[in-house]
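Since the structure comes first, as structure tokens, the remarks are kept for the end.
The values are calculated or read from the model by the stated rules, or taken from the named source; none is laboratory data. Because the structure is a prediction, the values reported are computed rather than measured. Neighbour counts run over all protein chains shown; Cβ positions are idealised from the backbone, glycine included.
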4 protein chains.
Amino acid sequence: MLSFANDYAEGAHEKILQKLIDTNRESLPGYGSDKYCESAKNRIREACQCAEAEIYFLAGGTQTNQVVIDTLLADYEGVIAAKTGHISVHEAGAIEYTGHKVLELPQKEGKLLAEEVESYLAGFYGDVTHEHMVFPGMVYITHPTEYGTLYTKRELQEISGVCARYNIPLYLDGARLGYGLAGERIDVTLPDLAAYCDAFYIGGTKVGALCGEAVVFTRNAPRYFMTRVKQHGALLAKGRLLGIQFDTLFTDNLYLENGRNAVRMANMLRKVFADKGYSFYLETPTNQIFIVLENEQLERLGNEVLFDIWEKYDESHTVVRFATSWATSEQDVAALAALL
Amino acid sequence: MLSFANDYAEGAHEKILQKLIDTNRESLPGYGSDKYCESAKNRIREACQCAEAEIYFLAGGTQTNQVVIDTLLADYEGVIAAKTGHISVHEAGAIEYTGHKVLELPQKEGKLLAEEVESYLAGFYGDVTHEHMVFPGMVYITHPTEYGTLYTKRELQEISGVCARYNIPLYLDGARLGYGLAGERIDVTLPDLAAYCDAFYIGGTKVGALCGEAVVFTRNAPRYFMTRVKQHGALLAKGRLLGIQFDTLFTDNLYLENGRNAVRMANMLRKVFADKGYSFYLETPTNQIFIVLENEQLERLGNEVLFDIWEKYDESHTVVRFATSWATSEQDVAALAALL
Amino acid sequence: MLSFANDYAEGAHEKILQKLIDTNRESLPGYGSDKYCESAKNRIREACQCAEAEIYFLAGGTQTNQVVIDTLLADYEGVIAAKTGHISVHEAGAIEYTGHKVLELPQKEGKLLAEEVESYLAGFYGDVTHEHMVFPGMVYITHPTEYGTLYTKRELQEISGVCARYNIPLYLDGARLGYGLAGERIDVTLPDLAAYCDAFYIGGTKVGALCGEAVVFTRNAPRYFMTRVKQHGALLAKGRLLGIQFDTLFTDNLYLENGRNAVRMANMLRKVFADKGYSFYLETPTNQIFIVLENEQLERLGNEVLFDIWEKYDESHTVVRFATSWATSEQDVAALAALL
Amino acid sequence: MLSFANDYAEGAHEKILQKLIDTNRESLPGYGSDKYCESAKNRIREACQCAEAEIYFLAGGTQTNQVVIDTLLADYEGVIAAKTGHISVHEAGAIEYTGHKVLELPQKEGKLLAEEVESYLAGFYGDVTHEHMVFPGMVYITHPTEYGTLYTKRELQEISGVCARYNIPLYLDGARLGYGLAGERIDVTLPDLAAYCDAFYIGGTKVGALCGEAVVFTRNAPRYFMTRVKQHGALLAKGRLLGIQFDTLFTDNLYLENGRNAVRMANMLRKVFADKGYSFYLETPTNQIFIVLENEQLERLGNEVLFDIWEKYDESHTVVRFATSWATSEQDVAALAALL
């Protein structure tokens, strides 16, 4: 069945598979100390224009959020996030599992607003009872957000400024980062992220890898980070699996190419939806398209194509999500267009 | 450099890579619900002759131990393990991180003895203050052990009996299981493990996979295990990566073949060591060989081949470990022999 | 200085001190197994008309919430609470510290509404992705609430019904319970609480004890609860300290008397505020009174009497809280009245 | 029945009760910010000759160990302790509950040896795989130990020296400290403890208080310690309860007097045992006496006096413990003597 359900339905970009084959019989040291991890780190540092960045590879997104947030926070601190943030909703309490509260703030189209963050922090320190409360120890944002939206450079700068004033790190979840670096009017680049964030991760799983996320600590990593990764059960013996993939993704711009394909396909699909008079739930510049379907349409279409049911709109309408990916082809879009 | 350092230095068996290529563009559901996971589970159930087994795939060994032990224990319980057990020593406190004490018992050649376990349990319940202590809630063993030794069927049966009498589960860490199922006089089979253990895992990472371990709950899995896996940050979006690998490992006996190669190479190497008069630290039937080297030998050899320094033997000798694997060839053994 | 800041500013009711003196040199067993604990439990069972209740004594409120919630929840579950609930705001993340998310719902005057709870639960189980989310494993309410309000019997019954339908326990935090059992038109009694709640605690610290809360499990307590209490660092060696206090509080209705005094003084004070034209922030039947003060009034009054600054009302007004207690006298009220 | 079972069977020294009565109706601020806490801290600073010490009061011993160890350790660190240490055995896993491994070392008469600690630390850092293991982050000792023995000043100095060389804190559990400061040939004083330890606690519960332990951080306390205490559920609203008790214990040498009484009674009892030819399990200078009883003696005596069964000695003998306390009188000793 035709699938626009998500961006992790296929395996990996063929260049990655080829590299796994080419290097397969090389005997390499374990736990991320091999030359491919090293090379991948150098390429990422260069792409971020951040020579001093410390980089680590982890297997998945929830794992990455859990390990990074737990190691950046003091035990008495929590993490500020949008109420719709992935860590707030869809990670089965992985953050709380490590002892930290997710301090949920209101959001707009999936984005935290700098003034909301500032107001929360000011309110916290202005409250004489704040030593009885969870200290806000970092800010978590997603880019692209769960709603496929993007922060502008200005917005990022403002949130980063608030964090700096309160001396807490800004951490950006880039599970779908490739799809946020790839549009026509892209405002925020990897070097921007390195400049504004204390830590962020470059998502591999959803942008053409078999698995894997690259965590970039732009200033310095938590002490004994590898030990902490292992303590969380997250250290792969064959670290090469992640290093080889990211080395490939950051060779010849493959990561950006993967992103561009998805956004190009999404734009093509947007035009189809618009031309056919479908109603957009919100405007998004990335690989996720949110459409308000009549419930009969929903049922009919659901028999022929996979997509994600997002939320109820009203009694007779539902918001659904169509996602393109690095693997979506023009034929896929045409096939979907034919069904609409 | 020639490497006998460990059994995870190469990539994956080529059949696995081929299967990843063959299935790469198939659009599959996520989180382990795809058909390859299903097929792999069926093949493992069959290999274990345990139709009712519930099977889950995780990415690595420490992660598997952490998730399984944490979900099988009540919060007030700890896990009994040998003082030399992997969870006791080399997992960076991943078990304690989830709130559980590792109750360390003496061992013999890496093995827990049934009488030690029974005596500990009897002592615990005989102590009137035991409600102020950590309840022993399960028994953890490794097979092969960290010393490359194996439990006999009799030993396994006895430990299993003790567990049954105290109504606590027996969990077996099979990180190197393939190398324990493959010798000439193999006593313990997969169906034996399914019969005697409440849970065990079949190690993939060290037996020819890129990553991945298959957890087998022989009676029933902890409730909402998938949610618990996610809560631990251990759920891969592309569950196919694990399913495809285990589906391949359990097709045409590849898993056993991988094990057999390693043991055959180890036996060849054992003969070389014996013929040349090297001193064995202990006898092992699996892929790990422990040799007592004079320190000068150690230094000289260390310049030409990678092996693992195990522990100091005395002032002038050191115990070292040579490991073969699914990837070791006769040429490798011959090359090492030439250096000895 | 005159204090209406809170209800824990004095020591203990003198009858409690007297009982501590009378029993001081008795040699008693430890950890809550003494005869005073036993007697106190029996008196509480009787007051609750709940013969099968299991009762435990803990030292403080946050501790009680932490231990009870952690032991009633499965590891993958969180606790539903009002956004203004004590565990949501003022317990320094003690719940998250034990690995559980506080699932915050909107509230009305500090109260959770049954329909909000039901809607949340229905939404959760209706969401096909719910196994990626935190399972709602219990409901937490406070009575009196942080706003001094009380649930009606009807409201309690409705929430209890929702919990029963979803098979999750209802837990009531009675830190100030004495002040909620003592008004003129009291609707909810101890037997009602025992009927509608699976667990609740009878607050001692704020109702005339030196320290101590009595947890009542109306059906059955979590297994090995004493061990769990110790594991949380919450088991007092001299359990008698808590048993003697609750034995006294539940002799000759002292607990209710303490509550009645506070409510009588609060009503007297309410009349003063009303007569002098002060503006009430909300109506409350218990020992807490919320008044909207002009900021100049606030400053002037703040020099002569202690009260609690609650929250900003608008640019020129502030909500403040005056609390009476078991120890408040008519002279105290008169002295405050003279300042208004 | 005559009781020599432990040192927490009675209430509190009468001077403490009197002080609670005298201060009962004073309206005081909560959470340890009252003037009695302040006064108690000053008196303790003076007794320790440590003007810069930061002091906090907690309710019980396991709680104190849990909070102090958890806050002094980094998340990836464990605590070195004797295999017989209280945290290793009798705290229901309260340390592991907070995520930290107890690294158990061999002991002699309950004491850790400096050379064992040094050897463990040297071995750890000498192990090339140590980043896969739990970092030893502090040393925990008890004084008096669980066996009633005491460290000499020299031994303390040596352990302290090892800790300093490895830059990890030394923490001393003084649950029974009063009984270790009170003998005739006392070698280690409070100022010694302040000089050699980074943190220690002065036990109140077992030395004449209703409850309470005073934690002394001799250099500086963990950041936001009060918030951390609350997060652990350990912050009492009526902090006065602890402050008043310690203020009294450190007025007119009451703490030392309580200790002296117990040791004087123990010495009297030791003479009785010796004169009657009883066999001592080990020599102790504090309030605990360990005797090897024939099993028939054990049974007969057990009908008339409470004591603690320690461990099996051989088939026909058992080690038992007799404890005196601040509350033991000469009549008690005489009564016991009459039974021997």
*asked:* Here is a check on your reading of the model: is A:GLY233 more than 7 Å from chain B (Cβ to nearest Cβ), small (Gly, Ala, Ser) and closer than 28 Å to A:ASP7 by Cβ?
replied: no
_Checking D:LYS108 against (1) in contact (Cβ under 8 Å) with a residue 24 or more places away in the chain; (2) more than 9 Å from chain C (Cβ to nearest Cβ), only one condition comes out false. Which one?_
(1)
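Quick one: count up the residues across the stretch C:19-33 that are more than 9 Å from chain D (Cβ to nearest Cβ) and either surrounded by fewer than 23 Cβ atoms within 10 Å (Cβ to Cβ) or farther than 22 Å from D:THR205 by Cβ (or both).
Counting residues in the stretch C:19-33 that are more than 9 Å from chain D (Cβ to nearest Cβ) and either surrounded by fewer than 23 Cβ atoms within 10 Å (Cβ to Cβ) or farther than 22 Å from D:THR205 by Cβ (or both) gives 4.
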*Has the stretch B:238-258 got any residue that is without any contact (Cβ under 8 Å) to a residue 12 or more places away in the chain and within 14 Å of chain A (Cβ to nearest Cβ)?*
no
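Have a look at D:VAL333, D:VAL320, D:VAL305 and point out the one that is surrounded by 13 or more Cβ atoms within 10 Å (Cβ to Cβ), in contact with a Ser or Thr (Cβ under 9 Å, 6 or more places away or on another chain), modelled with pLDDT of 95 or more and more than 16 Å from D:ALA262 (Cβ to Cβ).
Values: D:VAL333 fails: more than 16 Å from D:ALA262 (Cβ to Cβ); D:VAL320 fails: in contact with a Ser or Thr (Cβ under 9 Å, 6 or more places away or on another chain).
Matching residue, one of D:VAL333, D:VAL320, D:VAL305: D:VAL305.
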*Looking only at the stretch B:227-266, which residues are among the β-branched types (Val, Ile, Thr) and more than 21 Å from A:LEU236 (Cβ to Cβ)?*
B:THR227, B:THR251, B:VAL263
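Would you check if there is a residue in the stretch B:7-18 being farther than 26 Å from A:SER329 by Cβ and aromatic (Phe, Trp, Tyr)? Even if it seems obvious, please write down each step before you answer.
Pass one, the stretch B:7-18, residues farther than 26 Å from A:SER329 by Cβ: B:7-16.
Imposing the further condition that a residue be aromatic (Phe, Trp, Tyr) reduces the set to B:8.
Yes, because at least one residue in the stretch B:7-18 is farther than 26 Å from A:SER329 by Cβ and aromatic (Phe, Trp, Tyr).
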*What's the number of the condition C:ALA221 fails, among (1) surrounded by 24 or more Cβ atoms within 10 Å (Cβ to Cβ); (2) touching a strand residue (DSSP E or B) at 6+ places or on another chain (Cβ under 6 Å); (3) of a type in the set (A, V, I, L, M, F, W, C)?*
(1)
*Of all residues in the stretch A:117-146, count the ones that are assigned to a helix (DSSP H, G or I), out of contact with any Leu (no Cβ under 8 Å at 6 or more places or on another chain) and among the aromatic types (Phe, Trp, Tyr).*
2
*Inside the stretch A:41-83, can you point out the residues that are more than 21 Å from A:LEU190 (Cα to Cα) and away from every other protein chain (no Cβ under 13 Å)?*
A:ILE80, A:ALA82
_Residue check for C:LEU210: under 16 Å from the mean Cα position of the chain (by Cα), buried (at least 24 other Cβ atoms within 10 Å of the Cβ) and at the interface with another protein chain (Cβ under 10 Å from one of its Cβ atoms)_ = yes
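Given A:TYR120, A:TYR56, which one is among the aromatic types (Phe, Trp, Tyr), touching a residue at least 24 places away in the same chain (Cβ under 8 Å) and more than 26 Å from A:GLU257 (Cα to Cα)? Walk me through how you get there before you give the answer.
Details: A:TYR56 fails: more than 26 Å from A:GLU257 (Cα to Cα).
Only one candidate passes the filter, namely A:TYR120.
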*Cβ-Cβ under 7 Å pairs, at least 6 apart or on other chains, the stretch D:307-319 side under 23 Å from C:PRO29 (Cβ atoms), far side outside any strand (DSSP E or B) and of a type outside the set (D, E, K, R)*: D:PHE307/D:PHE4; D:PHE307/D:ALA5; D:ASP308/D:ALA5; D:ASP308/D:ASN6; D:THR318/D:ASN295; D:THR318/D:LEU298
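Please specify each residue of the stretch B:267-302 satisfying the condition of being of a type in the set (D, E, K, R) and buried (at least 18 other Cβ atoms within 10 Å of the Cβ).
B:ARG270
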*B:GLN288 passes all but one of (1) outside the structural domain of B:VAL319 (by TED's automatic domain parsing); (2) within 21 Å of the chain's Cα centre (by Cα); (3) modelled with pLDDT of 95 or more; which number fails?*
(1)
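Among the residues of the stretch B:92-115, which ones are of a type outside the set (A, V, I, L, M), under 24 Å from B:PRO285 (Cα atoms) and over 19 Å from the mean Cα position of the chain (by Cα)? Steps first, answer last, please.
From the stretch B:92-115, those of a type outside the set (A, V, I, L, M) are B:93, B:96-101, B:104, B:106-111, B:115; that's our starting set.
Filter again for under 24 Å from B:PRO285 (Cα atoms), leaving B:106-111, B:115.
Those that are of a type outside the set (A, V, I, L, M), under 24 Å from B:PRO285 (Cα atoms) and over 19 Å from the mean Cα position of the chain (by Cα): B:PRO106, B:GLU115.
Here is a check on your reading of the model: is D:TYR151 modelled with pLDDT of 95 or more, of a type in the set (Phe, Trp, Tyr) and surrounded by 24 or more Cβ atoms within 10 Å (Cβ to Cβ)? Before the answer, list the steps.
Working: modelled with pLDDT of 95 or more: yes; of a type in the set (Phe, Trp, Tyr): yes; surrounded by 24 or more Cβ atoms within 10 Å (Cβ to Cβ): yes.
Judged against the criteria, D:TYR151 is a match.
Look at C:ILE80 and say whether it is closer than 24 Å to C:LYS230 by Cβ and buried (at least 23 other Cβ atoms within 10 Å of the Cβ).
No; evaluated as a whole, the condition is false for this residue.
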*Only residues that are out of contact with any Leu (no Cβ under 9 Å at 6 or more places or on another chain), of a type in the set (A, V, I, L, M) and assigned to a strand (DSSP E or B): list them for the stretch B:311-332, please.*
B:ALA323
*Of the residues that make up the stretch A:89-100, is at least one at pLDDT 95 or above and closer than 30 Å to A:LEU254 by Cα?*
yes
*Select, from D:ARG176, D:ARG165, the only residue that is more than 14 Å from chain B (Cβ to nearest Cβ) and in contact with a Lys or Arg (Cβ under 9 Å, 6 or more places away or on another chain).*
D:ARG176
*Among A:ILE186, A:ILE168, which is aliphatic (A, V, I, L, M) and at pLDDT below 95?*
A:ILE186
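Could you grab me the full set of residues in the stretch B:28-55 that are assigned to a loop (DSSP other than H, G, I, E, B) and within 17 Å of B:LEU235 (Cβ to Cβ)? Steps first, answer last, please.
Applying the first criterion (assigned to a loop (DSSP other than H, G, I, E, B)) to the stretch B:28-55 yields B:28-34, B:48-53.
Result: B:LEU28, B:PRO29, B:GLY30, B:TYR31, B:GLY32, B:SER33, B:ASP34.
Limited to the stretch C:264-311, what total is found for residues that are within 14 Å of chain A (Cβ to nearest Cβ) and touching a strand residue (DSSP E or B) at 6+ places or on another chain (Cβ under 7 Å)?
First, the residues of the stretch C:264-311 that are within 14 Å of chain A (Cβ to nearest Cβ): C:298, C:302, C:306-311.
Subset that is touching a strand residue (DSSP E or B) at 6+ places or on another chain (Cβ under 7 Å): C:298, C:306-311.
Number satisfying all stated conditions: 7.
So which of A:THR71, A:THR64 is under 27 Å from A:ASP252 (Cβ atoms) and not aliphatic (A, V, I, L, M)?
Values: A:THR71 fails: under 27 Å from A:ASP252 (Cβ atoms).
A:THR64 is the lone residue from the list that is under 27 Å from A:ASP252 (Cβ atoms) and not aliphatic (A, V, I, L, M).
State the number of residues belonging to the stretch D:123-134 that are β-branched (Val, Ile, Thr) and surrounded by 16 or more Cβ atoms within 10 Å (Cβ to Cβ).
From the stretch D:123-134, those β-branched (Val, Ile, Thr) are D:128-129, D:134; that's our starting set.
From what's left, surrounded by 16 or more Cβ atoms within 10 Å (Cβ to Cβ): D:134.
Counting residues in the stretch D:123-134 that are β-branched (Val, Ile, Thr) and surrounded by 16 or more Cβ atoms within 10 Å (Cβ to Cβ) gives 1.
Residues are listed down the side, and each one gets a yes or a no for (1) surrounded by fewer than 21 Cβ atoms within 10 Å (Cβ to Cβ); (2) facing chain B (nearest Cβ under 10 Å); (3) closer than 17 Å to D:LEU172 by Cα:
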residue	(1), (2), (3)
D:GLU104	yes, yes, yes
D:VAL117	no, no, yes
D:LEU121	yes, no, no
D:GLY137	no, no, yes
